[in-house]
1. Read phi for every residue in segment 40-45 and hand back ³J(HN,Hα) as whole Hz from Karplus 6.51 cos²θ - 1.76 cosθ + 1.60, θ = phi - 60°, with x for Gly and Pro.
2. If I build a Gaussian network model for the chain, linking alpha-carbon pairs within less than 10 angstrom, which residue out of A51, A99, A116 has the largest mean-square fluctuation?
3. Hull surface divided by four, with the convex hull built on the Cα atoms of the chain: how many nm²?
4. Once phi is turned into θ = phi - 60°, what whole-Hz ³J(HN,Hα) does the Karplus curve with 6.51, -1.76 and 1.60 give for every residue of segment 12-17, x standing for Gly and Pro?
5. Using a 1.4 angstrom probe on the protein heavy atoms only, could you order W56, W87 from most to least accessible area?
6. Taking H placed 1.01 Å from N in the peptide plane, check which residues at least 5 places from F82 or on another chain put their amide H under 5 Å from its amide H.
7. Mean separation of Cα pairs under 8 Å and 6+ residues apart, divided by the residue count of the chain: what relative contact order is that in percent?
8. What accessible surface, in Å², does a 1.4 Å probe find on D38, ignoring ligands, DNA and RNA and rounding to the nearest 10?
Amino acid sequence: MDGEYLLGLVARWLHILAAITAVGGTIFARAVVFPTLDGLPADERSRLHAAMRARWSIIVAAAIGFLIISGLYNVGITSIRFRLPRWYMPLFGVKFLMALVIFAVASLLSGKTPAADNLRKNARFWLNLNIVLAVCVVCISGVLRTAERIPKQSSDPAAPQDNSGQM
């Protein structure tokens, strides 16, 4: 196993694990946390929500960082190694823009600013929006992952053209 293959594998793992964590946490917040908080007295609800938000904001920031770095690495390597269908990069652009919206909403929902406080007044709507966008991003990712990839020719004609490690 060469270093380039290992780096690609680690980037893929980081990307998938960060996405699972962020999306799973959002679904958990919408389906479990917010309905549970509704049953608490206002002061207890505020204290508990603030404590959870402080911890969740660290996870959100880490997930966003891993997703951006590993995602740009993955698409960069893929576009360098393979000839892709013409629709690949525009569809990736749609996925990336949706991800930026998800990142912005997640950051605001877990933030401490007045804008974050305003957004949280309608947190259920924003969580629902993020869940729908995340499902769309995952579906687009599936399309991108299964797109035809034709290896670009190596400058060394004796070099094997191996698709097994593709991103």
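The values are calculated or read from the model by the stated rules, or taken from the named source; none is laboratory data. Please read all numbers here as calculations on a predicted model, not as lab measurements. With ligands, DNA and RNA removed, areas are computed over all heavy atoms of the protein, side chains included. Shrake-Rupley method; radii C 1.70, N 1.55, O 1.52, S 1.80 Å.
1. Rounded to whole hertz, the list is 9, x, 4, 5, 5, 4.
2. Looking only at A51, A99, A116, the biggest GNM fluctuation is shown by A51.
3. Values: hull surface 44.8 nm².
Seen from a random direction, the Cα hull of the chain projects 11.2 nm² on average.
4. Whole-Hz 3J(HN,Hα) from phi for segment 12-17: 5, 4, 4, 4, 5, 5.
5. So the residues, ranked largest to smallest area, are W87, W56.
6. The list, which skips near neighbours in sequence, is K152.
7. Numbers: 116 pairs, mean separation 55.2, N = 167.
The normalised contact order for the chain reaches 33 percent.
8. 90
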